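Bear in mind these aren't lab numbers, they're just calculated from the coordinates by the rules spelled out. If you're wondering where the values come from, they're calculated on a predicted model, not measured in any experiment.
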């Protein structure tokens with residue numbers, strides 16, 4: 001018999017960031033390069049803050065998705081319990097954003113992670129850190 005917690009964390013492929021069934025989602029794909037998890041996204045104008053600039057909360061969401069998937073994709077069920085984002089430069093809409101996340105430290109059931117978003121020209125637009133907790 002499955003627990004209530006197991007039912008809360010099922011994947012119906014409708015995630016805003018990585019769900020392949022969400023028509024408004026980013027449909028992120030992931031791959032590992034050593035210990036780093038990499039992805040990319042192109043954020044349309046519909047997710048802007050200022051004219052032509054990606055909303056900072058959207059950048060935070062993309063980085064959060066990458067940081068927690070660093071564990072999910074290795075078979076470790078974890079959820080983000082805290083994260084912090086530092087916006088470094090404006091991120092233009094409709095341009096490819098390169099995303100990377102890597103482990104920093106593990107303490108019992110907590111995983112500390114860092115991540116970065118940058119443009120194809122190398123400009124870092126955001127950095128983030130997170131604390132992810134194992135749920136099983």
> With each run of n ≥ 4 DSSP H residues scored as -39500 (n - 2.57), what mean residue ellipticity at 222 nm is computed for the chain after dividing by its residue count and rounding to the nearest 500 deg cm²/dmol?
Replying inline: -5000 deg cm²/dmol
> With the contact rule set at Cα under 8 Å and sequence spacing of 6 or more, what percent relative contact order holds for the range 29-134?
Replying inline: 31 percent
> Out of every Cα pair in the chain, what percent are spaced more than 25 Å from each other?
Replying inline: 25 percent
> So what's the angle, to the nearest 10 degrees on a 0 to 90 scale, between helix 56-72 and the longest Cα principal axis of the chain?
Replying inline: 40 degrees
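Expressed as a rounded percentage, what relative contact order does the range 70-131 have, with Cα pairs under 8 Å and six or more residues apart?
37 percent
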> So what's the gap between the Cα centers of the range 13-77 and the range 97-136, to the nearest angstrom?
Replying inline: 12 Å
